[in-house]
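Visitor: One structure, pasted below without further comment.
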Amino acid sequence: MQLTLSVSLTHYLVLSAILFGIGLFGVLVKKNAISVLICIELMLNAVNINFIAISKYVTPGDFIGQIFAIFVITVAAAEVGIGLAIIIAIYRNRLSVNLDEFDWLKW
Amino acid sequence: MVEFAMQHAWLVPLLPALSFVIIVLLTRPWQKLSALVSIACMVSSCVIATLAAYGIFTNHEFTEKPLVYAARWFSLGLPGAPDLVVNVGVQLDPTSAMMIFMVSLVASLIQIYSVGYMEGDPGFSVFFSYLSLFASSMLLLVISSNLLQMFVAWELVGLCSYLLIGFYTHKISAREAAKKAFVTCRVADFGLLLGLLSLQIVFGTLDMVELSEKIHHFQEYTTAGVLTLIAVLVFIGPIGKSGQFPLHVWLPDAMEGPTPVSALIHAATMVVAGVYLVGRTMFLFSQVPAAMELVAVTGAFTALFAASIALTQREIKRILAYSTVSQLGYMMLALGVGSLTASMFHLWTHAFFKALMFLGAGSVLHALHHKADVWEMGGLIKKMPVTGWTFVIGGLAIAGIPPFAGFWSKDEILSMAFNSGHYVLFAMGAITAFMTAFYMWRLIFLAFFGDEKPENHPHESPVFMTAPLVVLAFLATVGGLVGTPWTPWDINWANWIWFHEAHHAEPNYMVMLGSVILAGAGIFLAYQLYYVDKARAKAHALADKYRALHTLSYNKFYIDEIYLWFNHSIVDGAAKLFFLFDIYIVDGIIINGIAAVTRLFGEGARISQTGRLQNYALVFFLGVLAVAVILAFTNPSSAGLMLGGVK
């Protein structure tokens, strides 16, 4: 009996879910704004994996998933650029990147 | 000419309306020009009215069947009910022809008189514009072919009455009187409006000709009870407008207005609108005997009641005002006993002699610089012969001395009350006749005869004022001759204005003699008390002897005070109750309560707003999770879809 190890869709989905969970956890609990940004990148990449895996396994002929993944990477790059700029602006004002101190959205 | 006037009778109300517009928009800065425009329009209107009336009275067919020119005003399609169709038009029959003639004639005379009376008043032009508007509305009222149209005019005359009573806006009493008149009439008009609406609902029309045919066999539409209720509701309007008890209170106060207004509106024309309305809707009242009795009793009681107040009043115009209320009661009495003829006849003669007396009173007030107490006058006839003697003619006419106008009409009313078997009402009318003669001659002896008062410097009024007096005195003398029992049947009043059927008034010599004796006795008593007895000691002694009665009469039976008490205690009490209800229930619970609950929720929800992004993100995530779980449990296929589309 030969143990065949093949990578199926489920593996990809589990990997993606784990990545997404780690990212989400970081977004929710990290105090440092830059860490939060990095965690968001994790979540986005989890989504990218989903896109590509499903595209490959469910609709192998066309490349909609792949195109979407590239699209997401582009947008993520822009988002990180703006995010970092905002964090720098806040840091100049507050001399801090601790999210706990950023509660001015309150009433 | 006559043909033209009859076809274009709509011009009669329109011309004064035109002059109102012209004065208000164009000629207001030029007083004399305004007066000229107003009088020119009024006289033209009077000429057309006279010609139209002539046409009606020389052609007997219109007595049976009125001449109606009507056009569609508006119509409303109502779901599940007959369409509401309202026509507007002119209806000419002898009654309305008589009215347009009388109203336009008296209005013309009074406008001419006003040129003298209102001279130098800053509101001269405005006064004439109001008079024009009033004349227009009043003529529209009498000429209406539709009850809704009549109601519109009815409210318009009420408005003019309000404006003219309160004409001297700087006087608080005038403003108060205007409000009182308006509010009192509004109370009554509410009843009238309900009556008219009921008529529309039950019979589906308000056109008078059509309505009279339908009511003639009303059993097809409704029961006698409902019809009685409608008649009573309709009658509430005239109670207010014609100053019948218990809504007479506004009329004496209305004398705060300029005297020509009192003469025109509160003696000759507007106040008889109520009588005219009942006369016009006789087809309704004659079907319900109970309502007729109500009209008769109200009329008789008002006549007696007002006369007993007039006995002791001191202000000249107030005496005349109560006399007007009393005479209006007579007219109502005549309608109640079923005689349209007698009622309209008295309306006709009353318009002349009462307008005459009011204008005479105005002339006196003009001469004495508005000193109104008759006890402070005296001997005026020497300095003011025209005013004085025309006033005496008016006094003879209202007292009922033949051959003056009032005798014939009053006599006809008394005969009708007697012949119809209403002996109590007849007795009340007879007592009123005696009182009328007494108080009117008390006024005349006190004001015009006796010793002159040195502090007064009377002078005769200008010709603008005396000329209308002379014309009215002439009419008050001969105006009744059209309705005497000996007038040839062809030109006799009773041959033209009647309800159901014309009947020649058989002279009732008993009643006739009795009423002359009563009138003579009244005058003689006044002569003894106020002329022979120069010091009036006997009159004072009499007043002292019956002090309670005198006080009661002098204070108008405290009706005003009763209303005041009613308003203060009951209406104000209810108002306080409603105020508390408003404060605690409406404001407290409904408005502030809801606000407080909302606020509470707001306070609660506020806590969740921490301002920390991560908290929001957590809630957001939990929300998505919840949606996913719910979808997974309620719709397994969509759950599969979410897990990557894997089956």
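Visitor: Suppose accessible area is computed on protein heavy atoms with a 1.4 Å probe; arrange B:F305, B:F124 from highest to lowest.
Guide: Largest accessible area first, the residues go B:F305, B:F124.
Visitor: For n ≥ 4 DSSP H runs only, could you compute -39500 (n - 2.57) per run for chain B, divide by its residues and tell me the 222 nm figure to the nearest 500?
Guide: -22000 deg cm²/dmol
Visitor: Apply the Karplus parameterisation 6.51 cos²θ - 1.76 cosθ + 1.60, with θ equal to phi minus 60°, to every residue of region B:460-469 and state each ³J(HN,Hα) to the nearest whole Hz, in sequence, with x for glycine and proline.
Guide: Per-residue couplings from phi come out as 5, 7, x, 5, 4, 8, 6, 4, x, 4 Hz.
Visitor: Let a ≥ b ≥ c be the square roots of the eigenvalues of the Cα gyration tensor of region B:46-150; is it rounded (a/c under 1.5), or, if not, prolate (a/b larger than b/c) or oblate?
Guide: Here region B:46-150 falls in the oblate category.
Visitor: Let me ask another. Counting Lys and Arg as +1 and Asp and Glu as -1, each charge on the Cβ, what is the dipole of the protein assembly as shown about the Cα centre in debye, to the nearest 20?
Guide: Using Cβ point charges on Lys, Arg, Asp and Glu, the protein assembly as shown gives about 1840 debye.
Visitor: Now a separate question. Among B:M377, A:L15, B:P468, which residue has its Cα furthest toward the positive end of the charge dipole of the protein assembly as shown, with +1 on Lys/Arg Cβ and -1 on Asp/Glu Cβ?
Guide: Sorting the options by dipole projection puts first A:L15.
Visitor: Let me ask something else about it. Please list, ordered by chain and number, the residues whose modelled amide H lies under 5 Å from the amide H of B:W73; skip anything fewer than 5 residues away on the same chain.
Guide: HN-HN under 5 Å from B:W73: B:V86, B:N87, B:V88.
Visitor: Here's a follow-up. Go through B:K382/B:K410; B:K65/B:K214; B:K354/B:K556; B:K171/B:K453; B:K317/B:K383; B:K453/B:K534 and tell me which ones have a Cα-Cα distance over 24 Å in this structure.
Guide: Result: B:K382/B:K410; B:K171/B:K453 exceed 24 Å.
Visitor: Let me check I've understood the local charge: for B:G362, count other residues with C-beta under 15 angstrom from its C-beta, Lys and Arg +1, Asp and Glu -1. What total comes out?
Guide: For residues surrounding B:G362, the net value is -1.
Visitor: For B:W408, A:W104, give me the order by solvent-accessible area with a 1.4 Å probe, most accessible first, ignoring ligands, DNA and RNA.
Guide: A:W104, B:W408
Visitor: Tell me the total accessible area that B and A bury against each other, 1.4 angstrom probe, in square angstrom rounded to 100.
Guide: Interface between B and A: roughly 1200 Å².
Visitor: May I pose another question? For region B:37-52, just list the computed ³J(HN,Hα) in residue order, Karplus coefficients 6.51, -1.76 and 1.60, θ = phi - 60°, integers in Hz, with x standing in for Gly and Pro.
Guide: Computed from phi, the couplings for region B:37-52 are 4, 4, 5, 4, 5, 5, 5, 4, 4, 5, 5, 4, 4, 4, 5, 4 Hz.
Visitor: With contacts defined as alpha carbon pairs under 8 Å and 6 or more residues apart, what's the relative contact order of region B:1-145 in percent?
Guide: Computed over region B:1-145, the figure is 36 percent.
Visitor: Let me ask something else about it. Working from Cα positions, state the angle (0 to 90°, nearest 10) between the long axis of helix B:592-607 and the longest principal axis of chain B.
Guide: 20
Visitor: I'd like to check one number: the per residue accessible area of the protein assembly as shown, probe 1.4 Å, reported in Å² as a whole number.
Guide: Heavy-atom accessible area per residue stands at 46 Å².
Visitor: Here is a follow-up. Classify the protein assembly as shown as rounded, prolate or oblate, taking a ≥ b ≥ c as the square roots of the eigenvalues of its Cα gyration tensor: rounded when a/c is under 1.5, otherwise prolate if a/b is larger than b/c and oblate if not.
Guide: prolate
Visitor: In addition: Counting only protein chains, not ligands or nucleic acids, how are B:F167, A:F68, B:F190, B:F391 ordered by accessible area (probe 1.4 Å), most first?
Guide: Descending order: B:F190, A:F68, B:F167, B:F391.
Visitor: What ³J(HN,Hα) values, in whole Hz, does the Karplus curve 6.51 cos²θ - 1.76 cosθ + 1.60 give for region B:373-387 when θ = phi - 60°, with x put for Gly and Pro?
Guide: Calculated HN-Hα couplings, in order: 6, 5, 5, 8, 9, x, x, 5, 5, 6, 8, 10, x, 5, 4 Hz.
Visitor: Excluding residues on the same chain fewer than 8 positions from B:K576, give the lysines whose Cα lies under 25 Å from its Cα.
Guide: Correct list for B:K576: B:K179, B:K180.
Visitor: A further question on this structure: Check the straight Cα-Cα distances from A:K31 and name the lysines below 24 Å, setting aside those fewer than 8 residues away within the same chain.
Guide: Straight-line reach from A:K31, under 24 Å: A:K106.
Visitor: In terms of Cα to Cα distance under 14 Å, which aspartates and glutamates are near enough to B:K371, apart from those fewer than 8 places away along the same chain?
Guide: Cross-link targets: B:E256, B:E315, B:E455.
Visitor: Let me check against my output: what whole-number percent is the relative contact order of chain B, with C-alpha pairs under 8 Å and at least 6 apart?
Guide: 11
Visitor: Assuming a ≥ b ≥ c are the square roots of the Cα gyration tensor eigenvalues, decide whether region B:454-553 counts as rounded (a/c under 1.5), prolate (otherwise, with a/b larger than b/c) or oblate.
Guide: Cα axes put region B:454-553 in the oblate bin.
Visitor: Between the helical axis of B:172-203 and the dominant principal axis of chain B, each derived from Cα atoms, what acute angle in degrees is found, rounded to the nearest 10?
Guide: Here the helix axis deviates by roughly 70 degrees.
The values are calculated or read from the model by the stated rules, or taken from the named source; none is laboratory data. Small disclaimer: the values here were computed from a predicted structure and weren't measured. Positions of Cβ are backbone-derived with ideal geometry, glycine not excepted, and every protein chain shown enters the neighbour counts. Side chains included, ligands, DNA and RNA excluded: accessible areas come from the protein's heavy atoms. Shrake-Rupley method; radii C 1.70, N 1.55, O 1.52, S 1.80 Å.
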